[in-house]
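K.L.:
Below is a structure I'd like to ask you about.
Each value in this text was obtained by applying a stated rule to the coordinates, not by laboratory testing. Treat the numbers as computed from the prediction; the structure is a model and nothing was measured.
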């Protein structure tokens, strides 16, 4: 074997090893990028769910507030009617 053949063999082995490691690095980077895409998709999906739950909670809160205000209004009306009835009852008792 000549010096050129030995050098060529060594260079070929070195280039093959470098190629193998570059291929491994490339497939690792490809897997990481794919995982990142999945994570971003999951985050977008979860954010939309959080927004949906937030909107639902806000709607329920507004609904409860409106119902409470309506009930307070009805209660005030009934108290007013009760007050009028008590006044009439007192007037009747005073007249006797």
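K.L.:
To test your reading of the geometry: what angle, between 0 and 90 degrees and rounded to tens, separates the Cα axis of helix 3-95 from the longest principal axis of the chain?
P.N.:
0 degrees
K.L.:
OK, next. For the stretch 76-96 and the stretch 1-21, what is the separation of their C-alpha centers, rounded to whole Å?
P.N.:
With the stretch 76-96 and the stretch 1-21 each reduced to a Cα centre, they are spaced 111 Å.
K.L.:
If you consider only alpha-carbon coordinates, what radius of gyration and Dmax does the chain have, in Å?
P.N.:
41.1, 139
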